Amino acid sequence: MPTSRPASFAALYVLIRAAADLGDHWVQSDTHARTKGQPDNEGRRACALHVATYTATQAVTVAAGSRLLGIRITPGRAVAAIGLSAVTHYIADRRTPVKRLAEATGKGNFYALGGPLGGAYLLDQALHHGVETVAAAILATSTE
């Protein structure tokens with residue numbers, strides 16, 4: 001029995017979002033977390049390595065979960081969705097783009113809120129969640 005697009009979207013969003021949390025908080029190394037925003041080659045390399053493991057976590061989770069749930073995903077849509085997540089994740093995790101976006105949209109003071117889960121982290125995560133919603137929609141449009 002085919003799965004409806006809304007049900008597929010909901011399931012795929014849960015899969016891609018859970019995988020993102022795993023990739024961002026459990027799979028990511030401490031070194032990558034601390035250095036990925038540095039404006040040098042070490043920072044770019046750390047961010048690229050983090051995004052590689054993050055992307056692999058999402059790809060494996062979405063592939064396995066969709067198979068278990070009987071949701072058919074076309075390879076092209078999978079590449080587009082996971083690729084969108086990967087590229088935007090790298091850009092956001094370089095730190096400066098999110099800071100500039102926050103300043104340009106009047107959220108500079110919120111971005112500057114301190115603490116380990118301060119404004120910079122929350123705006124970063126909100127951006128990732130938004131992109132993952134679009135990625136799940138891309139995935140869900142490939143279901144039958």
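Within the stretch 94-125, track down each residue that is of a type in the set (A, V, I, L, M, F, W, C) and open to solvent by 60 Å² or more (accessible area, probe 1.4 Å).
L101, A104, F110, A112, L113, L117, L122
So, in the stretch 4-18, of the ones that are of a type in the set (S, T, Y) and buried (at least 18 other Cβ atoms within 10 Å of the Cβ), which residue ends up nearest to S66 (Cα to Cα)? Across the stretch 4-18, the extreme among qualifying residues is S8. Criterion first (aromatic (F, W, Y), touching an Asp or Glu at 6+ places or on another chain (Cβ under 8 Å) and open to solvent by 20 Å² or more (accessible area, probe 1.4 Å)) does Y90 satisfy it? No; evaluated as a whole, the condition is false for this residue.
Cβ separations smaller than 6 Å between residues 6+ apart or across chains give no pair from the stretch 57-82 residues that are modelled with pLDDT under 95 and open to solvent by less than 40 Å² (accessible area, probe 1.4 Å) to residues that are β-branched (V, I, T) and assigned to a helix (DSSP H, G or I). Inside the stretch 36-56, residues that are of a type in the set (S, T, N, Q) and either in a loop (DSSP other than H, G, I, E, B) or modelled with pLDDT under 95 (or both) make up a count of 1. Among the residues of the stretch 24-38, some residue qualifies, meaning at least one is touching a Ser or Thr at 6+ places or on another chain (Cβ under 7 Å) and under 30 Å from G114 (Cβ atoms). How about the stretch 22-43: which of its residues are within 17 Å of the chain's Cα centre (by Cα), surrounded by fewer than 16 Cβ atoms within 10 Å (Cβ to Cβ) and closer than 20 Å to P97 by Cα? Answer for the stretch 22-43, where residues must be within 17 Å of the chain's Cα centre (by Cα), surrounded by fewer than 16 Cβ atoms within 10 Å (Cβ to Cβ) and closer than 20 Å to P97 by Cα: just A33.
The values are calculated or read from the model by the stated rules, or taken from the named source; none is laboratory data. Just so we're clear, the structure is a prediction, and the values are computed from it rather than from any experiment. Virtual Cβ from ideal backbone geometry, glycine too; neighbours counted across all protein chains shown. Surface accessibility is based on the protein's heavy atoms, side chains included, excluding ligands, DNA and RNA. Shrake-Rupley method; radii C 1.70, N 1.55, O 1.52, S 1.80 Å.
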